[in-house]
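> My questions will all concern the structure given below.
A short reminder: the numbers here are calculations on the coordinates, not readings from a lab. Here the structure is a predicted model, which is why all the values come from computation and not from measurement. FYI the Cβ positions are ideal-geometry reconstructions off the backbone, even for glycines, and counts take in every protein chain you see.
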Amino acid sequence: MDKSLQKGIQKEVAKLVKEENPFPKKTFAISKFTRMEECNPTEIFTNLQCNSTMLYLKCFMVLNQSEKPFIAVLCFSIGGLCIIENSLVLFLIFSSSKLRKKPSYILLSSLALADTLATVTFVSSFLSFHVFNRTGASKEIYLLKLTGVNTSFTASLGSLFLMAFDRYICILRPSHYKQLVTRRRAVVALLVLWATALFLSSLPLLGWNCCSTQSTCSQLFPFVANSYLSSWIILVMVLLASIIYAYMHVLWKAHQHTTNMKKHHLEESQQNPKRRIDIKLAKTLSIVLMVLVICWLPGLLLMAYSLFSMMDNSIRVAFAFCITLCLANSMVNPAIYALRSKELSSSLRRICSCLGKVLGNSESNQEAESS
């Protein structure tokens, strides 16, 4: 074949290949960001279509091979304890006809349920994504998983908000507490809370994401728009500020009550028993609040930082560990209730005593049969 003819054919083939690929820059972008340390979610998303999910999701898999086993053991251990503890709290409340009728414990059961669901959804999705690096899911599946995690944690914060409001009324207006806080109102408030949490958490799946709105994408959560993330941060901060405001008043009243008791030299037996219980419960929930702030503040600060500045992989790794603190918060809550709630502790001791008697009777029956 003539060399000139061969060169002409090669030019035509090259021209056809070039015409079939109208987006040559995207091919360059894919090869450019195949290494994890060079992957920038914001930059790569501008070079890829929304349906190119696999490479985009890999930008958020920042854990190395030495970090993955550690965080997997951390999630499994904390998550296992969290499920056991919160399930036990739910069992203790609903197995007692007295406790499940009290508004305070109805709200507490909502918190335990939210923490249980948050643990299951968070651990499964977090380990699947960051440890096992599964990217086969579509954008909709990923946002659906995020909806489940977000709903549970938002409901957990909302339950703490309602519990703070409950204690606020109980301490500041004790004479009107039974009229204002009833079982029916507690149930209605929880239904509204869970419906609102589900709706707000579903917004990215329903269309408020950076693919549908063509807005800036989050550096921490795939497909999540920065506008939605900033709105969620504001919501959480408002809830935390409201809880802190309520508990500051509760603690101040508890301090005043203790001071008055010391001033008048009243014995413990002379004090109003219900008043003592309310103050003790207020102190318990204040400890829960302190743990909540410690567990949530690092993650919230990094979320806010991501809105205004570019983040390297080291900060994203730090964020991956910080959000496991939210899981630790769900584990600590029921432990505080079991240690400081007199009614829950007595219910637990009663159940353990019954189990001990049942096991003792079964062992004695086996010994009698063997003899």
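> So for the range 127-268, what percent of the C-alpha to C-alpha distances run longer than 26 Å?
Cα-Cα pairs of the range 127-268 separated by over 26 Å account for 44 percent.
> Still on this structure: Could you calculate the contour length gain from Val358 to Asn133, that is, 0.36 nm times the residue separation minus the distance between their Cα atoms, to one decimal place in nm?
76.3 nm
> With a/c under 1.5 counting as rounded, go ahead and sort the range 68-139 into rounded, prolate or oblate using the C-alpha gyration tensor (a ≥ b ≥ c being the square roots of the eigenvalues; past the cut-off, prolate if a/b is larger than b/c, else oblate).
prolate
> Which whole-number percent gives the relative contact order of the range 62-344, counting Cα pairs below 8 Å spaced six or more residues apart?
25 percent
> Still on this structure, I have one more. Suppose R0 equals 35 Å. What FRET efficiency, 1/(1 + (r/R0)^6) with r the Cβ-Cβ distance, do Lys342 and Ser66 give to the nearest 0.05?
The computed FRET efficiency comes out at 0.15.
> Now for a separate question. May I ask which of Lys58/Lys145; Lys68/Lys139; Lys98/Lys342; Lys101/Lys253 have a Cα-Cα span longer than 19 Å here?
Long pairs (Cα-Cα over 19 Å): Lys68/Lys139; Lys101/Lys253.
> Can you classify the range 62-344 as rounded, prolate or oblate using the Cα gyration tensor, where a ≥ b ≥ c are the square roots of its eigenvalues, rounded means a/c under 1.5, and otherwise it's prolate if a/b beats b/c and oblate if not?
Since a/c reaches 1.5 and a/b is larger than b/c, the shape of the range 62-344 is classed as prolate.
> Taking the range 50-134, which trypsin sites (Lys or Arg not before Pro) meet the DSSP loop condition and have no more than 15 other C-beta atoms within 10 Å?
Of the trypsin sites (Lys or Arg not before Pro), the ones in loops of the range 50-134 whose Cβ has at most 15 other Cβ atoms within 10 Å are Lys98, Arg134.
> Continuing with this model, one more query. Per residue Cα convex hull volume for the range 124-167, in cubic angstrom?
Details: hull volume 2.7 nm³, N = 44.
Dividing the Cα hull volume of the range 124-167 by its residue count gives 62 Å³.
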